[in-house]
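Worksheet: one structure, shown below.
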Amino acid sequence: MVALQIPESLAEMARQVPGLDDRVKRFIRLEIERYRLRQARFSPVALDLVARAKAAAEEKRRAGFDRNAVTTRVREGLDELSE
């Protein structure tokens, strides 16, 4: 069995909520089913493409790529073209 890690700051409050265990179990089951449906919907090739794109994006972030800065530059360039 995998134990769900609850931060200590929430643990005491969580113990006070009636029925929380049952609701969390239902939520986990639903999330597992949603995950299975997503996996069945897309081909292995598509899933591999997404995984590689996520890895490439993470590598760019680690290298200092700032998406917001690029977005700002693109918008400024478009504004200049439309003036």
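The values are calculated or read from the model by the stated rules, or taken from the named source; none is laboratory data. As the structure is a prediction and not an experimental result, all values here were calculated from the model. Virtual Cβ from ideal backbone geometry, glycine too; neighbours counted across all protein chains shown.
Of the numbered conditions (1) at positive phi; (2) in a helix (DSSP H, G or I), G64 fails exactly one; give the number of that condition.
Looking at each condition in turn, G64 falls short on (2).
Could you tell me whether any residue of segment 33-53 is among the polar types (S, T, N, Q), at pLDDT below 95 and loosely packed, with under 10 Cβ neighbours inside 10 Å?
Yes - at least one qualifying residue is present in segment 33-53.
Identify all residues within segment 5-21 that are surrounded by 10 or more Cβ atoms within 10 Å (Cβ to Cβ), assigned to a loop (DSSP other than H, G, I, E, B) and within 24 Å of the chain's Cα centre (by Cα); write none if there are none.
Of everything in segment 5-21, just one residue is surrounded by 10 or more Cβ atoms within 10 Å (Cβ to Cβ), assigned to a loop (DSSP other than H, G, I, E, B) and within 24 Å of the chain's Cα centre (by Cα), namely I6.
Only one of R73, R29 is more than 19 Å from the chain's Cα centre (by Cα), in a helix (DSSP H, G or I) and surrounded by 10 or more Cβ atoms within 10 Å (Cβ to Cβ); which?
Answer to the check: R73.
Only one of (1) surrounded by 10 or more Cβ atoms within 10 Å (Cβ to Cβ); (2) without any contact (Cβ under 8 Å) to a residue 12 or more places away in the chain fails for V24. Which number is that?
Unmet for V24, out of (1) surrounded by 10 or more Cβ atoms within 10 Å (Cβ to Cβ); (2) without any contact (Cβ under 8 Å) to a residue 12 or more places away in the chain: (2).
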